[in-house]
Amino acid sequence: MRKPLYSNLHRKQIAGISRKYSSFLSENQNKMRKILLLWLFAFVVSGAVSTEAQINVKPLNFKERALKNGLKVISLEDHSSPTLTVQVWYRVGSKDDPAGRSGFAHLFEHLMFKSTKNMKSEMFDRLTEDVGGWNNASTYDDFTNYYEVVPSNYLETLLWAEAERMVNLNVIEENFKSERDVVKEEFRFRVLNPPYGRLYYEIERKSFALHPYKRPGIGSIEDLDAASLADVRSFYEVFYRPDNAILIVVGDFEQNQLDRSVDKYFGRIEGNDTKIQRVVVEEPARTEEKRFTVSAPNVPLPAIAITYLAPKANDADLPALEIAENILSGGESSRLYQELIYKQQIAQEAAFYVDDRADKGLMVFYAIAAGGKKIADVEKSLLAELKKIQTAAPTAAEIEKAKNQIITNTLAERETNGGKAFALGRAELILGNAAEANNAIEKLRRVTAADVQRVMQKYFTDTNRVVINYQNEPAKGEGK
């Protein structure tokens, strides 16, 4: 399932270098993916391919092993192209930020590309980009991941580099201050400057009562300014260690050689017996509707977000919720687009998304009003669409279409080494077992129209609702 619209930028975009966030594909791979997607979709729409026909999905035949220092290694050989991806996923996300220090996990997404004991600052880019590859990183609520795609003969170089920054990062004043400034600028760029940036920021803050998910991952300028170098060093020492990481390698390699190289570079890192204090806070069930009004400057049209607490990502109800997400918001033929934008013309944007997490996540309806329309009427229309799917189960055609679209996208993503690795990493970190990546499609296939109706009735209740009205901030002196 997709993340909400608010998400981290690539670390270089602030410096003016454009690269799409969380792209798994090179330019040529992306072209091939589009061709595959269009080909599959054409057959799906024509009826030549049906989920009921049980599309034969090749499983991800990965291998697992663990080093003595606690590092988990997941590998999958694929010799279809002379490339591979090297990824390191750390069990630390924005929910692990210290109290009063929001944005630390995100800050380290940037710091990890600075200098180490044996690498100059930005050398990581040279090791990837100068050989025709690329690198990136992203921070989520539950984890931070670092990933590269390179020609397969550079495998050992990348393993050395990832091991180097796992243990030898230079957490020094110069690097800390420069990257803190970059993150602060990103906050201005993504939250303060866009007309609706504060809305997506406030969705996190207003939707959770106790869980640290309420601290948006990008942090805040105040918390970043309050941080000290000692705080940052402590964070690195606690979370960046082999027993808190998963190494994933997918692509053109020989298993025996990979094992030897992993042992050579990661096996020599000492283990850490210090216990990591995990987040154990349970977000309480909501007992009543809550409403908030948020104002921001330069908001051209009012907007609304209606949030509901979602079950954990490994809950059996998630596949049905994913189908509902597609029916309600999967493109221009979806219910929300057709009703609110095309027919009623009451909104210029309307959508629904499921943001699943290791702990309770969020399910969000949101809309931006069309010119001259009242946000109260937009809310009524959103809730009316919710009521429809609760009262009457989706049609067989809607269920079939949603399954076909989701499965087609999944198959297209898994045509790349990066797509395979992300599926395995997310399954391991969020669902608790990498093998769950091979069960996702079958779980979707088993969803019925009655299942979708049932989960929409179960979770979308009046008492499980937070409503955020977002409006323009009155100019000084206005309204007096």
### Query
Lys/Arg Cβ at +1, Asp/Glu Cβ at -1, dipole of the stretch 284-427 taken about the Cα centre: which of I327, L383, N409 is farthest positive-ward?
L383
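For a 29 Å ceiling on Cα separation, which of these pairs sit above it: K63/K264; K95/K177; K68/K117; K68/K443; K95/K387; K214/K380? Walk me through the numbers on the way to the answer.
Values: K63/K264 19 Å; K95/K177 23 Å; K68/K117 24 Å; K68/K443 35 Å; K95/K387 33 Å; K214/K380 27 Å.
Cα-Cα > 29 Å for K68/K443; K95/K387; rest within.
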### Accessible surface, per residue, of the chain when the full set of protein chains is kept, probe 1.4 Å, Å²
44 Å²
### Spatially proximal aspartates and glutamates relative to K290 (Cα-Cα < 15 Å; intrachain offsets below 8 disregarded)
E202, E204, E379, D462
### Task
Pull up the cross-link candidates among the aspartates and glutamates for K120, meaning alpha carbon to alpha carbon under 16 Å and not fewer than 8 places away within one chain.
E129, D130, E162, E164, E173, E174, E179
### Message
Going by Cα centres, the stretch 198-235 and the stretch 266-281 are how many Å apart?
### Response
23 Å
### Query
Dipole of the chain, Cα-centred, from +1 at each Lys and Arg C-beta and -1 at each Asp and Glu C-beta, to the nearest 20 debye?
760 debye
### Task
Would you please state which residues of the stretch 225-269 a label at V280 would reach in this model, taking the label point 7 Å out along Cα→Cβ and a backbone N cut-off of under 13 Å?
none
### Query
Taking the stretch 219-315, which trypsin sites (Lys or Arg not before Pro) meet the DSSP loop condition and have no more than 16 other C-beta atoms within 10 Å?
R268, K275, R278, K312
### Message
Please enumerate, by chain and number, the aspartates and glutamates with C-alpha under 20 Å from the C-alpha of K58, excluding those fewer than 8 residues away in the same chain.
### Response
E77, D78, D252, E413, E415, E428, E436, E442
### Query
Once all Cα-Cα distances of the stretch 66-157 are split into 10 Å bins that start at 0, what whole-number percent is in each one?
14, 38, 37, 10, 1
### Summary
Labelled set (i) 5, 21, 32, 29, 11, 2, 0; (ii) 4, 18, 25, 22, 16, 10, 4, 1, 0; (iii) 4, 19, 28, 27, 16, 5, 0, 0; P(r) over Cα pairs in 10 Å bins from 0, in percent computed from this model equals the value at (iii)
### Task
Tabulate in residue order the Karplus-calculated ³J(HN,Hα) for the stretch 102-110, using 6.51 cos²θ - 1.76 cosθ + 1.60 with θ = phi - 60°, rounded to whole Hz; enter x for Gly and Pro.
4, x, 5, 4, 5, 4, 6, 4, 7
#### Entry: the chain, accessible surface, carbon-and-sulfur percent (1.4 angstrom probe)
51 percent
### Query
Taking the Cα centre of the stretch 307-396 as the origin, how large is its charge dipole in debye, to the nearest 20, when only Lys and Arg (+1) and Asp and Glu (-1) carry charge on their Cβ atoms?
360 debye
### Task
Grab the Cα-Cα distance for E254 and K68, subtract it from 0.36 nm times how many residues apart they are, and report the gain in nm with one decimal.
64.8 nm
### Net charge contributed by nearby residues that have their C-beta within less than 13 Å of K72 (K/R +1, D/E -1)
+2
### Query
In the stretch 180-262, which GluC sites (Glu not before Pro) fall in coil by DSSP and have 15 or fewer other Cβ atoms within 10 Å?
E254
### Message
With every protein chain left in place and a probe of 1.4 Å, what is the accessible surface of E332, to the nearest 10 Å²?
### Response
120 Å²
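The values are calculated or read from the model by the stated rules, or taken from the named source; none is laboratory data. The structure displayed is predicted, hence computed values, not measured ones. FYI the Cβ positions are ideal-geometry reconstructions off the backbone, even for glycines, and counts take in every protein chain you see. Just so you know, the surface numbers come from the protein's heavy atoms only, side chains and all, with ligands and any DNA or RNA stripped out. Shrake-Rupley method; radii C 1.70, N 1.55, O 1.52, S 1.80 Å.
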